[in-house]
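The values are calculated or read from the model by the stated rules, or taken from the named source; none is laboratory data. Keep in mind the model is a prediction, meaning the values are calculated, not measured. Positions of Cβ are generated from backbone atoms using ideal geometry, with glycine treated the same way; all protein chains shown enter the neighbour counts.
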Amino acid sequence: MKPNWYSAWRAEAIKQLEAKNKRLEEEFRIGHWSRYDLSNGKLLFSKDGAINVITEIQIAGSTNVKAQNWLWAWANSNLPDSLLRDAKLVRFFGEKNGIDELAQAYVIDGDQLEVLGWELAAVTVRICDAVGAYRSPRGEGGALYYIFKTINWAS
């Protein structure tokens, strides 16, 4: 179930995320650092042992290739509660507006799982007014999707 306005609203969220991530790529070279580290609610991007970019993050959700689904971060008991605040806002938004894919723990899409992950990350970015999103590969072909609350050069 979803309201009539949601499809267009979701499409606009995807466009907005594409523009935001393009700016992050141009300004901070996100995606070109040789290493990153998740530490205390931050993603630290580094090269040759030197931290270059620091982001404050929240976790939107994850994809699982074997299960062919998206799991919202708020429904994943293995994640730290401090990184779920924004995902919980998405759930509230979904419940308030009758949008099942935001209010139910799992979203199933076997054909375009990575696309689904980016789309739901885009929705999270829009609802939570984040500055961008990042996809981190996980074992067995899945991925964890983060949203950036802030991003800055380390020095």
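I'm checking my understanding of the structure. Among residues of segment 13-41 that are of a type in the set (D, E, K, R) and under 25 Å from SER82 (Cα atoms), which one is surrounded by the fewest Cβ atoms within 10 Å (Cβ to Cβ)? Outline the logic, then answer.
Restricting attention to segment 13-41, the residues satisfying the condition of being of a type in the set (D, E, K, R) are 15, 18, 20, 22-23, 25-27, 29, 35, 37.
Narrowing the set further to residues that are under 25 Å from SER82 (Cα atoms) leaves 20, 35, 37.
Values: LYS20: 19, ARG35: 13, ASP37: 10.
Filtering segment 13-41 for residues that are of a type in the set (D, E, K, R) and under 25 Å from SER82 (Cα atoms), the one surrounded by the fewest Cβ atoms within 10 Å (Cβ to Cβ) comes out as ASP37.
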Practice problem: Kindly indicate whether GLY98 is over 22 Å from ARG138 (Cβ atoms) and surrounded by 14 or more Cβ atoms within 10 Å (Cβ to Cβ). | Solution: no
Quiz item: List, please: which pairs have Cβ atoms under 7 Å, are six or more places apart or on different chains, and start with a residue in segment 120-145 that is in contact (Cβ under 8 Å) with a residue 40 or more places away in the chain and over 20 Å from GLU27 (Cα atoms) and end with one that is outside any strand (DSSP E or B) and basic (Lys, Arg)?
Solution: VAL123/ARG10; GLU140/LYS66; LEU144/ARG138
Exercise. Could you pull out the residue among THR55, THR63 that is within 11 Å of the chain's Cα centre (by Cα), buried (at least 20 other Cβ atoms within 10 Å of the Cβ) and not in a loop (DSSP other than H, G, I, E, B)?
Key: THR63
Quiz item: Any residue in segment 86-96 that is over 17 Å from the mean Cα position of the chain (by Cα), outside any strand (DSSP E or B), modelled with pLDDT of 95 or more and within 25 Å of PRO3 (Cβ to Cβ)?
Solution: yes
Quiz item: What single numbered condition from (1) crowded, with 19+ Cβ neighbours inside 10 Å; (2) without any contact (Cβ under 8 Å) to a residue 24 or more places away in the chain; (3) assigned to a loop (DSSP other than H, G, I, E, B) fails to hold for PHE45?
Solution: (3)
Quiz prompt | Tally, over segment 18-40, of residues that are in contact with a strand residue (DSSP E or B) (Cβ under 6 Å, 6 or more places away or on another chain) and within 21 Å of ALA122 (Cα to Cα) | solution = 4
Quiz prompt | Check on ARG138, of a type in the set (Lys, Arg) and within 18 Å of ALA19 (Cβ to Cβ) | solution = no
Quiz item: Of (1) surrounded by 15 or more Cβ atoms within 10 Å (Cβ to Cβ); (2) among the hydroxyl-bearing types (Ser, Thr, Tyr); (3) modelled with pLDDT under 95, TYR6 satisfies all except one. Which?
Solution: (3)
Quiz item: What about SER77, is it in contact (Cβ under 8 Å) with a residue 12 or more places away in the chain, outside any helix (DSSP H, G or I) and among the small types (Gly, Ala, Ser)?
Solution: no
Quiz item: Restricting segment 23-37 to residues that are assigned to a strand (DSSP E or B) and without any contact (Cβ under 8 Å) to a residue 24 or more places away in the chain, which is nearest to CYS128 (Cα to Cα)?
Solution: ASP37
